[in-house]
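A quick write-up on the structure given underneath.
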Amino acid sequence: MTELHISWIDYHRKIEQLAIQIAESGWQFKQILCLARGGLRVGDIFSRFFHKPLAILSVGSYINEGERGKLKFAANLTMTTESLQQPLLVVDDLVDSGETLKETILWLNKSQAIKTEIRTAVIWYKACSIYTPDYYLEYLPDKPWIHQPFEIYENMSLEQLKDNSA
């Protein structure tokens, strides 16, 4: 399996480039929904660039690195608006199998009664995906494991953090 190693600088630069791509498309949306955890940073930065309210939906399926479990949705959305504003932009960091984005769109239409357009945006779009995002920065024809800069915290204890900070 190939691997991509992304630095914090590259990660933020890619989010900025994706924001520019969406802005230049001319599409107007009223709110951003980020999928936690991967989409949190993308959603936060987009919310600031576009001056749109942010909603958060926690969705997860990974058990271990590269191993997927059953997709689980949070019971509630986190947002400061009374309901999701439409049209809606859904963001995540990447689309791998495509199941998460596909099922999220179905969940939104069913549980949140979304009646207008939903578009999706990710940094990385892997060819193996069953779902094609509306916006993506990089198309990956193979299926690399992407090592993102925040992964260092996945297995770091607070003691290790203290030692590294000293």
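Restricting attention to the stretch 6-38, which residues are modelled with pLDDT of 95 or more, outside any helix (DSSP H, G or I) and of a type outside the set (Lys, Arg)?
Answer for the stretch 6-38, where residues must be modelled with pLDDT of 95 or more, outside any helix (DSSP H, G or I) and of a type outside the set (Lys, Arg): Ile6, Ser7, Gly26, Trp27, Gln28, Phe29, Gln31, Ile32, Leu33, Cys34, Leu35.
Within the stretch 41-51, identify whether any single residue is under 13 Å from the mean Cα position of the chain (by Cα), modelled with pLDDT under 95 and either polar (S, T, N, Q) or within 16 Å of Asp93 (Cα to Cα) (or both), and answer yes or no.
No, because not a single residue in the stretch 41-51 is under 13 Å from the mean Cα position of the chain (by Cα), modelled with pLDDT under 95 and either polar (S, T, N, Q) or within 16 Å of Asp93 (Cα to Cα) (or both).
Suppose the filter is touching a His at 6+ places or on another chain (Cβ under 9 Å), surrounded by fewer than 16 Cβ atoms within 10 Å (Cβ to Cβ) and either within 24 Å of Glu151 (Cβ to Cβ) or in contact (Cβ under 8 Å) with a residue 12 or more places away in the chain (or both); does Glu16 pass it?
Answer is no for this residue.
Go through (1) of a type in the set (Phe, Trp, Tyr); (2) surrounded by 19 or more Cβ atoms within 10 Å (Cβ to Cβ); (3) more than 14 Å from Gly38 (Cβ to Cβ) for Tyr136 and report which single condition fails.
(3)
Every residue in the stretch 88-130 that is crowded, with 16+ Cβ neighbours inside 10 Å, in a loop (DSSP other than H, G, I, E, B) and not polar (S, T, N, Q), please.
Result: Asp92, Asp93, Asp96, Gly98, Ile114.
For the stretch 2-46, give me each residue that is touching a Phe, Trp or Tyr at 6+ places or on another chain (Cβ under 8 Å) and of a type in the set (Ser, Thr, Tyr).
Correct list: Thr2, Ser25.
Taking the condition of being assigned to a loop (DSSP other than H, G, I, E, B) and touching a Lys or Arg at 6+ places or on another chain (Cβ under 7 Å), how many residues in the stretch 131-151 meet it?
3
The values are calculated or read from the model by the stated rules, or taken from the named source; none is laboratory data. On a predicted model such as this, the values are computed, not experimentally measured, just so you know. Positions of Cβ are generated from backbone atoms using ideal geometry, with glycine treated the same way; all protein chains shown enter the neighbour counts.
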